[in-house]
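Asker: Before I ask anything, let me first share the structure, which is written out below as structure tokens.
The values are calculated or read from the model by the stated rules, or taken from the named source; none is laboratory data. Treat the numbers as computed from the prediction; the structure is a model and nothing was measured. Cβ sites come from the backbone with ideal geometry, for glycine too, and all protein chains shown count toward neighbours.
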Amino acid sequence: MAAALDFAFLPDFPLPLNALALFGALLLSGLVGGALARRVRLPAITGYLAVGMLLGQTGLGLLTSELLVQARVFVDISLGLILFELGRRLDFNWLRKDRALLYSGISESVLSFILVYVTLYYLDVPKLIAAVAAAIGISTSPAVIMLIAQEQRAEGQVTERALSLVAINSVLAFIVVTVLLAVLHFEYQASVVTVLLHPLYLLAGSLLLGTVAWYAALRLGAWLGKREERQFVMLIGLIIVTVGCATLLKLTVLLALLVFGLLVKNRDPQRVLLPVEIGAKGELLFIVLFVVTGAELDARYLLVGGAIGLAYIGARFAGKILGVMPWALMSGLSGEKAALLGLALTPMAEFAVAMVQDVWGLYPGLDPQAFAALVSAVIVLEIIGPLVVQYTLVRAGETGVKEPD
Amino acid sequence: MEQLTFEPSQAFSIGVEIELQIVNTRDYNLTRGAPDLLARLERIKLPGAVKPEIAQSMIELNSGVNANYATLLGQLRGMRDAVVEQVERLNLAVCGGGTHPFQQWSDQRIYPAERFNYVSDLYGYLAKQFTVFGLHIHVGCASGDDAIYLTHALSRYIPHFIALSASSPFYQGVDTSFDSSRLNAVNAFPLSGCMPSVHTWAQFNEYFARMYSYKIVASTKDFYWDIRPKPEYGTVEIRVCDTPLNVEKASALAAYAQALAHRLMAERPALPPDSYALYNYNRFQACRFGMNGYILDPSTKTHVTMTSDIAATLEQLAPHADAVDARTALSQLSEDVATARNDTAWLRERYRETKSFTDVVHAQVGRWKQ
């Protein structure tokens, strides 16, 4: 008797995309989007984002949120690389020699917070929500500035100062958001212990984790010797382990990696660690980061964001420019470059979306209108951010691109 | 075209132009810092002048005209301190050295100025490869004829200047085995080399007029010779030195040129008929081996070591050094000769110690500040 036909060796249909196929697909689609964008002299990032939006929930809906969960690991690694690199760009020596740079970082953070808060308050957004929204707005996207600077091969005072300011405002934004979240917990009747301990755990834990990574880098680096290839692998390894540990321990990837980078740059008296280039080699991951970011944006919010969203953008913008300009002039930048420096802080951080969703996820009862406004502002800034940064660097004459693609 | 006029200057006065590297403080690679730095320097008063150079990662310090080593050194120290202070506020650094050890020439950008654009259009990639850093020494001359005589007479000592100043062993990420690899970048230019056989200012003018009429040159700036008369300043300009790692060495080399000029003008030795026949050989020895090279003496036609030749010259110069207050400077150079060490030796030691070109440049930055 003949055996029944058995097709068990064939895969089940429809095919569920696994992580590898997904990574490859994101990479290739991002590549195409980036190349198209470069043809019309737009930043490649804009192309990655556009492809993401096209494939994501705004467009064809191919990249569903269940699918995107699988891409999370790549996104986390690329954020880790970017934040580490950002930390390495903040030079304490420079802040000592040019105090105005430090003060401009603090003043633009404080001023953009105040202006956004006051604006939202007058538009009848509840106080605490207005404060959280304003705090999220303090931070500028490290990824956008760093990748555009890299793509344009930009060097100069606007580029270098913008990166330092982003490092400062990322740290400040993180601290303020964490504290405000604690207050929010309190409003929602969490126990006092939770309210006090949670932010403390986040801050101290992330600091400690970053410090441990730095110490490991110094010891291992000294043992490996000054070999660029080895130290590169070591740093990537440590970055990934730190990202993983931060997630495991429910700490924050952002702060831990920033601290790691900061210490590597500023606390290496024996000059054990080589300044190995990480940014250019991370390009693969960064493409995926931005395609995923684009896919997660829900452009429908643009329609409901309305006046509050626009007011938010305007107030944040004013805060950044007014906060930076006087100090930049004191540092000897021309009026034009000072304004461009303020302008360069426009892009909002990719993790702003995540932060917003986290807050509203915890307390679904929160004002939905404010949520929509905030998300729409993030989307607008996400889209125009790369264009604005490219414009500022070109305008400041700091790009080194020889011929456009 | 009009005749070039030689504007006479105080005989044996000295001045220098120093080309400096602008590097970032991250990996100590060259960085396009000149526009931002020059904008800052415009606002403060300096004892000399700071100018842009062909690449945006270079600046040039120009001293004023000085009577002697001590005042030149004082002026250069003042300029160095002012520039270092401004540079640090921009989170940049400057340093000496004839080449950057690991920059890629293709990364360099030409400073946007008419002359630099012209040079870049004309010479193509040579212009960018010319991202090398030299010290130019000017010695004042009372007349154009004196300048022409000195230009020829000083050529005998060009290897000394190369060996004493050499500070460019590394180029594009490798040890070139040369003490001064920088001069190899100069050799590729069609108008490099030496002044032709003209012996008076009038003959020089004729030569220039001829080259001008062929449209080969537009001004004396287009002659990239090792030594050339500089009629606008009324000087002879020695252009073979690498930028030393500190202003002390730069000033001492200027004082050496000054004392040599004093002696040559006082004694007016006749120029050996075929002196230029050996010129390139001696120059190569100095570039390749520095203080450990050999010189074929044009008058005796014997091989002598570089160090003994410089030591003998320093001895002859003693009375002239007194006349121009260059004694301290020359005794400093004697020490270098006694130990056969130049800046290239120092740079190679730093590399052996740190195994990293980034750390070498970091050390150069520290040495410049001292």
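Asker: Can you find a residue in the range A:41-51 that is closer than 30 Å to B:Thr25 by Cβ and of a type outside the set (A, V, I, L, M)?
Answerer: yes
Asker: Residues of the range B:2-58 being within 11 Å of another protein chain (Cβ to nearest Cβ) and aromatic (Phe, Trp, Tyr), which ones?
Answerer: Hit for the range B:2-58 is B:Tyr28, nothing else.
Asker: Turning to a different aspect of this structure: Between a first residue in the range A:153-175 that is farther than 25 Å from B:Tyr111 by Cα and touching a residue at least 60 places away in the same chain (Cβ under 8 Å) and a second residue that is part of a helix (DSSP H, G or I) and β-branched (Val, Ile, Thr), which pairs have beta carbons less than 6 Å apart while being 6 or more apart in sequence or on different chains?
Answerer: Here the result reads A:Val166/A:Ile145; A:Asn169/A:Ile138; A:Leu172/A:Ile138; A:Ala173/A:Ile138, each pair linking the range A:153-175 to a residue that is part of a helix (DSSP H, G or I) and β-branched (Val, Ile, Thr).
Asker: Turning to a different aspect of this structure: Which residue is nearest to the chain's Cα centre (by Cα), if the candidates are limited to the range B:354-370 and must be within 11 Å of chain A (Cβ to nearest Cβ) and among the charged types (D, E, K, R)?
Answerer: B:Asp359
Asker: For the range A:341-349, state whether one or more residues are away from every other protein chain (no Cβ under 14 Å), more than 23 Å from A:Arg41 (Cβ to Cβ) and modelled with pLDDT of 90 or more.
Answerer: Yes: the range A:341-349 contains one or more residues that are away from every other protein chain (no Cβ under 14 Å), more than 23 Å from A:Arg41 (Cβ to Cβ) and modelled with pLDDT of 90 or more.
Asker: Please pick out the residue among B:Gln75, B:Gln86 that is at pLDDT 95 or above and either within 20 Å of the chain's Cα centre (by Cα) or within 11 Å of chain A (Cβ to nearest Cβ) (or both).
Answerer: B:Gln75
Asker: Now, a different point. For residues in the range A:202-240 being closer than 30 Å to A:His185 by Cβ and without any contact (Cβ under 8 Å) to a residue 40 or more places away in the chain, which is surrounded by the most Cβ atoms within 10 Å (Cβ to Cβ)?
Answerer: Per the criteria, the residue is A:Val212.
Asker: Given the residues A:Val259, A:Val264, which is the only one that is β-branched (Val, Ile, Thr), buried (at least 23 other Cβ atoms within 10 Å of the Cβ), more than 19 Å from the chain's Cα centre (by Cα) and assigned to a helix (DSSP H, G or I)?
Answerer: On inspection, the qualifying residue turns out to be A:Val264.
Asker: Which of the numbered conditions does A:Gly306 fail, given that it passes all the others? Conditions: (1) in a helix (DSSP H, G or I); (2) surrounded by fewer than 23 Cβ atoms within 10 Å (Cβ to Cβ); (3) on the phi < 0 side of the Ramachandran plot.
Answerer: Every listed condition holds for A:Gly306 apart from (3).
Asker: When you go through A:Ser164, A:Ser112, A:Ser104 one by one, which is the residue that is closer than 28 Å to A:Gly332 by Cβ, within 14 Å of chain B (Cβ to nearest Cβ) and crowded, with 24+ Cβ neighbours inside 10 Å?
Answerer: A:Ser104
Asker: Considering the range B:114-146 alone, what residues qualify as being at pLDDT 95 or above and of a type in the set (Phe, Trp, Tyr)?
Answerer: B:Phe133
Asker: What are the residues in the range B:1-37 that are among the β-branched types (Val, Ile, Thr) and either crowded, with 24+ Cβ neighbours inside 10 Å or under 24 Å from the mean Cα position of the chain (by Cα) (or both), if any?
Answerer: B:Ile14, B:Val16, B:Ile18, B:Ile22, B:Val23, B:Thr31, listed by residue number.
Asker: Something else about it: In the range A:176-190, which residues are in a helix (DSSP H, G or I), among the aliphatic types (A, V, I, L, M) and free of Cβ contacts under 8 Å to residues at least 24 places away in the same chain?
Answerer: Within the range A:176-190, A:Val179, A:Ala182 qualify.
Asker: Let me ask another. Identify, by number, the condition in (1) buried (at least 21 other Cβ atoms within 10 Å of the Cβ); (2) part of a helix (DSSP H, G or I); (3) more than 14 Å from chain B (Cβ to nearest Cβ) that A:Leu63 doesn't meet.
Answerer: For A:Leu63, the failing item is (2).
Asker: Another one. Quick check: is even one residue across the range A:247-264 of a type in the set (D, E, K, R) and farther than 30 Å from A:Gln369 by Cα?
Answerer: no
Asker: Among the candidates B:Phe161, B:Phe189, which residue alone is in contact with a Leu (Cβ under 8 Å, 6 or more places away or on another chain) and in a helix (DSSP H, G or I)?
Answerer: Just one listed residue meets the conditions, B:Phe161.
Asker: State all residues of the range A:121-148 that are among the hydroxyl-bearing types (Ser, Thr, Tyr) and in contact (Cβ under 8 Å) with a residue 60 or more places away in the chain; if no residue qualifies, say none.
Answerer: A:Ser139, A:Thr140, A:Ser141
Asker: Quick test for you: out of B:Ala266, B:Ala321, B:Ala255, pick the one residue that is within 19 Å of the chain's Cα centre (by Cα), touching a residue at least 24 places away in the same chain (Cβ under 8 Å) and part of a helix (DSSP H, G or I).
Answerer: After applying the criteria, what remains is B:Ala255.
Asker: On the given criteria, is A:Lys250 modelled with pLDDT under 95 and more than 14 Å from every other protein chain (Cβ to nearest Cβ)?
Answerer: Yes: the conditions hold for A:Lys250.
Asker: List the residue pairs whose Cβ atoms are under 8 Å apart, where the first residue sits in the range A:26-50 and is touching a residue at least 40 places away in the same chain (Cβ under 8 Å), the second is among the charged types (D, E, K, R) and surrounded by fewer than 24 Cβ atoms within 10 Å (Cβ to Cβ), and the two are 6 or more positions apart or on different chains.
Answerer: A:Ala35/A:Asp405; A:Arg38/A:Asp405; A:Arg39/A:Asp405; A:Pro43/A:Glu151; A:Ala44/A:Arg38; A:Ala44/A:Glu151; A:Ile45/A:Glu151
Asker: Within 14 Å of chain B (Cβ to nearest Cβ) and hydrophobic (A, V, I, L, M, F, W, C), is that true of A:Leu83?
Answerer: no
Asker: Among the numbered criteria (1) assigned to a loop (DSSP other than H, G, I, E, B); (2) within 19 Å of the chain's Cα centre (by Cα), which single criterion is violated by A:Val166?
Answerer: Only one criterion in (1) assigned to a loop (DSSP other than H, G, I, E, B); (2) within 19 Å of the chain's Cα centre (by Cα) is unmet by A:Val166, namely (1).
Asker: Separate question: Tell me which residues, restricted to the range B:89-121, are in contact with a strand residue (DSSP E or B) (Cβ under 8 Å, 6 or more places away or on another chain), hydrophobic (A, V, I, L, M, F, W, C) and within 10 Å of chain A (Cβ to nearest Cβ).
Answerer: Correct list: B:Leu92 only.
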